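Visitor: Quick one: this structure, given as structure tokens, is what I'll be asking you about.
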């Protein structure tokens, strides 16, 4: 495993094809899965999953959703599996030094070089949201938009660290990851989704790898975001969290640190800890408006939106050639949630 240095492109081919690829980076090999054909002057949609997951378990429900097909036919989609998280990955040898979340973010330029893309719209969940946020702060010119689900921009404090250590004495790594992924209500009800995730963790041959990714997440640095400060996102951002999610408070705090003219905050009712799995329809509708706000898919016909209670403001009038980083505001799906005053627009077909 290399340490530092530039991207190694020995495995890169000039012709990008759909399917699974491995990309060598200064911090190890990362697996990506590509869907779609490159579109001129359009970014790729790049996803990054949470701990205890891979791109299949984290994103298949959303990206296989019927209305999502209208979006993904307009973009190339690049799913990133964190090192050792891909299906069938062998366990790393004992003593393997797993990359930090900052180093995982530093792998992304190698991925973009490999696929020959210059910009992305990032969709990340949990640890993946942090990684994409960190990448965006260090490479703002390559990120046109961010969808951050369950983001926690803060480093773990001493109290959190002590609680985590205490929990580790009485709980298995699987149970700690489940408590990170799902709400207490979902865990107590032992929903089908919780059962499926527990089954994945219980029978994973690469469970030690999951623990390494989990440890890196819990050792993350504070993003140090500050509204009106130098450390902030330079692109439109949509924050998403379930109203009962473990990360609700962290997402609300993150929202308070961002530019309100560039930030949408979507708090989803009845979605639990994994809104991309439990509410793919609502998230798809919000995401359509989000990409419209950047000037893409301006003429798109959104059939379900006329039936949706989700209200949005989208600067969709901007053309394909005028993709200024436009303001997009999505109101919460939770009734009565405070939002900046703004008109609403619904598109029906």
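Visitor: Give me the number: length gained by fully extending residue 139 to residue 259, i.e. 0.36 nm times residue separation minus the C-alpha to C-alpha distance, one decimal in nm.
Guide: Taking 0.36 nm per residue and subtracting the Cα distance, the gain is 41.4 nm.
Visitor: Below 8 Å, C-alpha to C-alpha, sequence gap of six or more: please give me the relative contact order for region 199-292 in percent.
Guide: Reported relative contact order: 25 percent.
Visitor: On full extension of the chain, what length is gained from residue 189 through residue 226, given 0.36 nm per residue of separation minus the C-alpha to C-alpha distance?
Guide: Numbers: separation 37, 0.36 × 37 = 13.32 nm, distance 3.80 nm.
Extending this stretch completely gives an extra 9.5 nm.
Visitor: Can you tell me which of 26-33, 291-298 comes out highest on packing, and rank the rest after it, using the mean Cβ neighbours within 10 Å?
Guide: My ranking of the peptides, most packed first, is 291-298, 26-33.
Visitor: What order, most packed first, do the peptides 108-116, 202-210 have when packing is the mean number of other Cβ atoms within 10 Å of each residue?
Guide: On the way: 108-116: 19.6, 202-210: 15.9.
My ranking of the peptides, most packed first, is 108-116, 202-210.
Visitor: How much FRET efficiency would the formula 1/(1 + (r/R0)^6) give for residue 116 and residue 234, where r is the Cβ-Cβ distance and R0 is 22 Å, rounded to 0.05?
Guide: 0.45
Visitor: Right, another one. Going by average Cβ neighbours within 10 Å, how do the peptides 174-183, 89-98, 42-51 rank, with the highest at the top?
Guide: 42-51, 174-183, 89-98
Visitor: Can you pull the one-decimal nm distance between simple spin-label points at residue 97 and residue 199, each 7 Å off the Cα toward Cβ?
Guide: Here the answer is 3.9 nm between the modelled labels.
Taken together, the values in this text are just the output of simple stated rules run on the coordinates, not laboratory data. The model shown is predicted, which means the values in this text are computed figures rather than measured ones. Glycine gets a Cβ as well: all are built from the backbone with ideal geometry, and neighbour counts include every protein chain shown.
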